[in-house]
1. Ranked by accessible surface with a 1.4 Å probe, highest first, in what order do Glu169, Glu272, Glu24 come?
2. Near the amide H of Lys214, under 5 Å away, which other amide H atoms are found, from residues 5 or more places off or on another chain, if H is placed in the peptide plane?
3. Keeping every protein chain in place, order Arg145, Arg260 by accessible area at 1.4 Å, biggest value first, i.e. largest first.
4. Let me see the pair-distance distribution of region 1-72: every alpha carbon pair, 10 Å bin width, integer percents in order.
5. Which whole number of Å³ per residue matches the convex hull of the alpha-carbon atoms in region 117-217?
6. Percent of alpha carbon pairs in region 73-121 separated by more than 15 Å?
7. Stokes-Einstein D for region 111-164 at 10 °C, 1.306 mPa s, Kirkwood Rh over Cα pairs, in µm²/s?
8. Comparing Ala136, Ala213, Ala253, which has the greatest mean-square fluctuation in the GNM of the chain with Cα pairs linked when under 10 Å apart?
Amino acid sequence: MKKFTYLVPKNLDEAVSLHESYGERAKYIAGGTDVLVKVKEGKLKPDYLISLKQILKQDKPYMNPETGELFIGAFVTHRKIEKSSIVQLKYPVLHDAVKNIGSVQIRNVATIGGNLVNAVPSADGAIPLITLDGRAHIYGTKGDRYVDLLRFFLGPGQCDLDRGEILTEIVIPPLALRTGSAYVKHGRREAMELPMLGVGVLLSLKEDMTTCAKARICLGVAAPTPLRCFAAEKYLVGKTVDENTLAEAGKLAGEESRVRDSIRGLAWYRREMVGVLVKRMGLKALHRATQ
Ligand SMILES: Cc1cc2nc3c(=O)[nH]c(=O)nc-3n(C[C@H](O)[C@H](O)[C@H](O)COP(=O)(O)OP(=O)(O)OC[C@H]3O[C@@H](n4cnc5c(N)ncnc54)[C@H](O)[C@@H]3O)c2cc1C
């Protein structure tokens, strides 16, 4: 393995300025579960690894009681998110996703920020956070900015970060009343393998508890970047949510998906599974919304 110098900046400005000094020779590292594997395999050969994890000591997801927004620091580990009672209670789509990432050992060190910046089509963190309309807070030499997570992903391994910019936080807007959500990773096994599909569904109901007020359907591994199924979402709004309407939404989502034949499954099968899983996650979200 190529030798590198490990740098531990004290704050964001120092991290950004170190990155500016070393340019292409430097790479940020948070939990290291992606970076160190690539360094070990020789796919990455940085001279400097700039550690981010200790800069912001955000311990766990935090809800602002006045605005109802949820803040998740980029350096929060999957395990901290999985153990968060607010996530378990109000954001089950996120809980469903993080509890199956890798193993407990991986979740104890891997961060949600690293998962998003890595930007692989199979990243489990991206789909639930897009389903929740999350925004990314980004910091760099030119100051800070926000970007909707849906627009953050530009292609496999590519995201909307300029050189040296740091993803610092994810902000989730307040949830409407009567909202339920669910996520499933579909593969031969639930953990420790690359999935064939990831499906996240969020439903908000009107006061009658049956009519759909808002729908979010987001797919992973169904296109080069996370894919919102706008036609399926539009179809559901204003309709009674039940097995039939969710089956139709699933069919539309399958048509919107851009699945391809791959080693993990043929396109026709994956398209069928989009339909099955959208319906299944829709029913789970409906159940959770009415509890
Ligand atoms: C055995 C194993 C199993 C896994 N299973 C899964 C799984 O089931 N699902 C899944 O989605 N992933 C899985 N992963 C992938 C990985 O664990 C996750 O993507 C993890 O969340 C990455 O976070 P990290 O903190 O370790 O990132 P790092 O490896 O530290 O960094 C990843 C990338 O992001 C950059 N980076 C990190 N944080 C920031 C930031 N805040 N701002 C700017 N750039 C940043 C780094 O420079 C690097 O390019 C697995 C990995 C392993 C080794």
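The values are calculated or read from the model by the stated rules, or taken from the named source; none is laboratory data. What you see is a predicted model; the values in this text were computed from it and never measured. When we count neighbours, we look across all protein chains shown, and the Cβ atoms used for this are built from the backbone with ideal geometry, even at glycine. The area values use the complete protein model at the heavy-atom level, side chains included, leaving out ligands, DNA and RNA. Shrake-Rupley method; radii C 1.70, N 1.55, O 1.52, S 1.80 Å.
1. Values: Glu169 40, Glu272 115, Glu24 150 Å².
Listed by decreasing accessible area, they come as Glu24, Glu272, Glu169.
2. Ser204
3. So the residues, ranked largest to smallest area, are Arg260, Arg145.
4. Final binned percentages: 19, 40, 25, 13, 4.
5. Working: hull volume 11.4 nm³, N = 101.
Considering the Cα atoms of region 117-217, their hull volume per residue is 113 Å³.
6. Values: 470 of 1176 pairs.
That fraction is 40 percent.
7. On the way: Rh = 11.4 Å.
Once the numbers are plugged in, D ends up at 140 µm²/s.
8. Maximum among the listed residues: Ala213.
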